[in-house]
Amino acid sequence: MNSDTIAAIATAMSNSGIGIIRISGKESINIVSNIYVDKNNTKVLNTYKTNTIHYGYIIENEEILDEVMVSVMKSPNSFTTEDTVEINCHGGILVINSILELVIRNGARLAQPGEFTKRAFLNGRIDLSEAEAVMDIISSENEIALKNSVRQLKGSVYNKITELRNEIIYEIAFIESALDDPEHISLDDYPERLNLKMKDLIFKIDKLLSTTENGKIIKEGVNTVIVGKPNAGKSSLLNILAGEEKAIVTDIAGTTRDIIEENIRLHDINLHVIDTAGIRRAEDIIEKIGVEKAKKYTKEADLIIYVVDSSVPLDENDFDIIKLIENKKCIILFNKSDLESKISIGELKEKVNETIKIIKTSTKENTGIEDFEKAVKDLFLNGEININSDIMITNLRHKEALKESLDSLVQVSKSILNNMPEDFYSIDLMSAYKSLGKIIGEEVEEDLVNEIFSKFCMGK
Ligand SMILES: Nc1nc2c(ncn2[C@@H]2O[C@H](COP(=O)(O)OP(=O)(O)OP(=O)(O)O)[C@@H](O)[C@H]2O)c(=O)[nH]1
Ligand SMILES: [Mg+2]
């Protein structure tokens with residue numbers, strides 16, 4: 001009997017109009033009740049009747065994540081015969097993934113491919129031939145999806161996973177051979193060596209996991225905010241990046257009053273760039289509102305570009321901004337470098353987080369912009385993965401698989417520490433190997449039922 005509650009994205013993983021997250025199992029209604037409110041901001045989902053559909057919001061920490069329609073189907077009136085909730089949300093990958101992650105944090109487990117249909121079958125809702133018919137219908141779509149994912153995974157990600165798997169299988173083979181032939185292969189100092197290897201592999205997988213966040217950002221656009229005091233050259237920068245005169249540039253401090261937004265593709269990264277009103281302690285009511293907005297957007301940004309006017313001394317406005325950008329991903333432009341400097345890079349460095357890159361630019365003479373672009377790229381890609389929007393690990397299932405393999409490798413290290421026998425290492429190494437295999441589609445499934453149902457795509 002399946003007692004846990006499963007969740008998955010039931011629609012294609014692309015930026016489409018609508019995305020559906022399906023949740024099935026005993027806890028599904030409770031889980032969604034926790035994260036859903038109706039238009040009166042009340043948690044009422046568990047009062048809804050079966051087979052009804054409702055308008056409301058998914059909330060996280062009291063903030064609205066998305067506007068949604070939810071369908072409630074109570075057992076046995078659903079496809080799986082279990083309590084089922086479907087959330088229809090907006091189709092962006094970032095939104096769908098965030099909601100799915102939220103559902104999982106609230107107690108559901110990520111479904112295996114075909115698991116909804118498998119439950120329908122195991123609960124007597126459909127027979128195997130019906131299940132196979134469903135499979136036929138979706139398999140054509142699946143083939144495209146499969147080709148698609150193979151294409152996505154070709155290149156650096158695929159190579160990386162294969163490389164990791166090869167390193168793991170080598171160790172498994174070594175242990176197995178040594179256990180088979182102890183006379184010729186010694187395991188005497190092996191645990192120490194293996195431990196070093198584990199450290200290295202754990203480091204590499206951690207790094208790969210950190211790119212999953214970047215991968216998401218790359219598709220959706222990095223929320224980038226240009227801040228600085230009035231007249232620093234913020235709007236000039238926006239115009240250079242946009243390649244046209246999007247924002248008004250004048251020598252009057254306080255020219256930009258409201259925010260100006262622009263989507264810019266920089267190398268392979270989509271930036272959603274927001275030019276803001278120069279931050280200063282303004283008197284003028286309209287400017288004041290603009291400044292408040294600038295502060296709000298800065299707090300929410302993924303990336304901040306702080307434009308410093310190097311032709312005038314740092315002042316209280318700069319100090320306000322420096323406080324605002326604490327703990328944020330940030331790049332500082334030491335702008336107006338064509339003029340005589342009234343501050344030094346060293347002086348600026350002392351005042352901000354030491355990891356922040358400072359780049360000399362002139363947004364008037366268009367210098368230093370390439371260095372700036374490179375800094376953005378470095379910041380997001382860690383120089384590691386050759387990401388373009390086709391190659392990335394945005395897929396939550398891949399992320400889970402990476403985490404699983406990481407857990408198994410940590411377990412190997414623990415076994416070494418506890419002087420466990422060598423065959424313990426093999427077991428966890430094999431789990432790590434299999435988890436990684438899921439990412440590139442080379443998992444070994446022994447169970448026939450699993451085999452059949454694993455042909456389904458996620459959420460079916
Ligand atoms: N010499 C020099 N002048 C610059 C540079 N960048 C911008 N300027 C000039 O500085 C003035 C202000 O530029 P903007 O781009 O409007 O500055 P801003 O930061 O958007 O200003 P606000 O919108 O008022 O906050 C304009 O006269 C620009 O021509 C630079 O690198 N060097
Ligand atoms: Mg401006």
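Fully extending the segment from residue 341 to residue 162, taken as 0.36 nm per residue of separation minus the present Cα-Cα distance, adds 59.3 nm. Fully extending the segment from residue 94 to residue 253 would add 53.5 nm, taking 0.36 nm per residue of separation and subtracting the current Cα-Cα distance. May I ask which residue of 248, 359, 312 lies farthest towards the positive end of the charge dipole of the range 219-380, with charges of +1 (Lys, Arg) and -1 (Asp, Glu) on Cβ and the Cα centre as origin? Toward the positive end, the furthest listed residue is 359. Computed about the Cα centre, the dipole magnitude for the range 219-380 is approximately 340 debye when only Lys and Arg (+1) and Asp and Glu (-1) carry charge, each at its Cβ.
Amide H to amide H distances under 5 Å link residue 256 with 278, where only residues 5 or more positions off or on other chains count and H is placed in the peptide plane. Annotation for residue 351 and residue 296: the two label points, set 7 Å from Cα along the Cα-Cβ direction, are 2.7 nm apart. Close amide H contacts of residue 83 (hydrogens built in the peptide plane, cut-off under 5 Å, sequence separation of 5 or more or a different chain): 25, 75. Only the Cβ atoms of Lys and Arg (+1) and of Asp and Glu (-1) were treated as charged; on that basis the dipole of the range 6-111 about its Cα centre amounts to roughly 300 debye. Modelled this way, with points 7 Å down the Cα-to-C-beta line, the labels at residue 64 and residue 183 are 7.7 nm from one another.
Pairs 246/351; 199/299; 299/342; 296/360; 328/351; 43/328: which exceed 24 Å Cα-Cα? Check vs 24 Å cut-off fails for 246/351; 199/299; 299/342; 296/360; 43/328.
Every number here is computed from the coordinates shown, using simple stated rules; none is lab data. Keep in mind that what you see is a predicted model, and the values were worked out from it rather than measured. Here the Cβ is made from the backbone with ideal geometry for all residues, glycine too, and neighbour counts use every protein chain on show.
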